[in-house]
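One structure below.
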Amino acid sequence: MTGVKIDINSILKEARIQINNLASATASKYKDEATAAGERILLSMREDLEKWAQLYAEGRITTEELELLVRSYQTEFALAGLQMAGLAAIRVRELGINILNVVIDVTLRLVAALIASA
Amino acid sequence: MRNILLLPIFLILTGCAGLHYNEASQQRNYQVRDITITVIDKSREDYSQNKIFASILDSIYSYSIKLEGKRGKTNIPTINMWKNVDAWVNGNFITVWQKENQLSDPSIDEMKKRAVRLFDYIINLENSKVK
């Protein structure tokens with residue numbers, strides 16, 4: 001490959017465009033998923049609260065038991081947040097791998113084009 | 001631009017055990033979930049006759065959290081999930097059982113469902129990890 005000059009700036013410019021597209025698509029998906037997860041929990045919580053309120057009104061569960069059940073939703077919201085954080089960490093790693101692949105791919109294509117034109 | 005390129009390389013080259021699926025951890029997730037449900041079911045009976053189960057459950061959670069901790073900093077979401085469930089089970093649930101001595105059938109049925117739901121988060125996150 002003597003005499004072939006690799007244009008680093010072109011590689012970086014094209015890679016930057018592709019990486020920005022990749023990151024934007026990933027971030028948008030996170031936000032949608034988090035919103036959907038929150039809505040699912042709220043729907044479930046409403047159904048349970050209605051059921052538990054009825055049980056409490058009928059004297060079938062105590063105040064302490066009702067409070068314990070309601071607290072489980074406090075825990076669930078925390079877990080949902082942690083799930084998002086966990087998934088984000090996994091996807092950051094995947095995003096990192098995808099970014100590397102973009103860089104390698106762009107570099108190889110540009111080098112191939114340079115060799116072909118040499 | 002160099003920083004953008006260095007970050008993913010760094011993430012990949014450093015240890016990421018907590019991002020990788022672990023079969024032993026997942027088995028433990030299911031087992032502790034099932035043990036939790038069994039102990040919740042026990043709360044129909046007098047706490048005083050069953051406090052050994054509360055003690056065992058607490059130890060099981062402590063040990064599970066310790067093992068998850070060994071998977072490194074990338075496992076922090078899972079570790080914190082365990083700590084949250086531990087607070088509800090060994091903090092709230094056991095405290096209420098101890099105070100009331102016996103819990104009602106309807107509340108036990110609801111608590112078991114809630115426990116399964118909470119463990120779903122831990123199990124699903126583990127399933128989402130890189131295999």
(Q) Scan the stretch B:22-30 and tell me whether some residue there is closer than 17 Å to residue B:91 by Cα, within 20 Å of the chain's Cα centre (by Cα), open to solvent by less than 40 Å² (accessible area, probe 1.4 Å) and at pLDDT 95 or above. (A) no
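Would you check if residue B:113 is within 29 Å of residue A:84 (Cα to Cα), at pLDDT below 95 and open to solvent by 50 Å² or more (accessible area, probe 1.4 Å)? Steps first, please.
On the way: within 29 Å of residue A:84 (Cα to Cα): yes; at pLDDT below 95: no; open to solvent by 50 Å² or more (accessible area, probe 1.4 Å): yes.
So residue B:113 fails the test.
Report yes if some residue within the stretch A:37-55 is without any contact (Cβ under 8 Å) to a residue 60 or more places away in the chain, in a helix (DSSP H, G or I) and within 30 Å of residue A:99 (Cβ to Cβ); otherwise report no. Break it down into steps so the answer makes sense when it comes.
Initial filter on the stretch A:37-55 (without any contact (Cβ under 8 Å) to a residue 60 or more places away in the chain): A:37-55.
Applying the additional criterion that residues be in a helix (DSSP H, G or I) yields A:37-55.
So of that shortlist, the ones also within 30 Å of residue A:99 (Cβ to Cβ) come out as A:37-38.
For the stretch A:37-55, residues without any contact (Cβ under 8 Å) to a residue 60 or more places away in the chain, in a helix (DSSP H, G or I) and within 30 Å of residue A:99 (Cβ to Cβ): present.
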Q.
I'd like the full set of residues that are among the hydrophobic types (A, V, I, L, M, F, W, C) and buried (at least 16 other Cβ atoms within 10 Å of the Cβ), limited to the stretch A:101-113.
A. A:102, A:103, A:106, A:110
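Does residue B:9 count as loosely packed, with under 13 Cβ neighbours inside 10 Å and either modelled with pLDDT of 95 or more or farther than 30 Å from residue B:103 by Cβ (or both)?
Numbers: loosely packed, with under 13 Cβ neighbours inside 10 Å: no; either modelled with pLDDT of 95 or more or farther than 30 Å from residue B:103 by Cβ (or both): yes.
So residue B:9 does not fit the description; no.
Go through the stretch B:47-131 and tell me which helices (runs of 4 or more DSSP H), entirely inside it, have 1 or more residues that are of a type in the set (Gly, Ala, Ser) and either in contact with a Phe, Trp or Tyr (Cβ under 8 Å, 6 or more places away or on another chain) or more than 7 Å from chain A (Cβ to nearest Cβ) (or both).
B:47-69, B:105-128
Out of A:47, A:58, A:33, A:39, report the one residue that is more than 8 Å from chain B (Cβ to nearest Cβ) and at pLDDT below 85. Full working, then the answer.
Working: A:47 fails: at pLDDT below 85; A:58 fails: at pLDDT below 85; A:39 fails: at pLDDT below 85.
Every option except A:33 fails the conditions.
The values are calculated or read from the model by the stated rules, or taken from the named source; none is laboratory data. Treat the numbers as computed from the prediction; the structure is a model and nothing was measured. Cβ sites come from the backbone with ideal geometry, for glycine too, and all protein chains shown count toward neighbours. Surface accessibility is based on the protein's heavy atoms, side chains included, excluding ligands, DNA and RNA. Shrake-Rupley method; radii C 1.70, N 1.55, O 1.52, S 1.80 Å.
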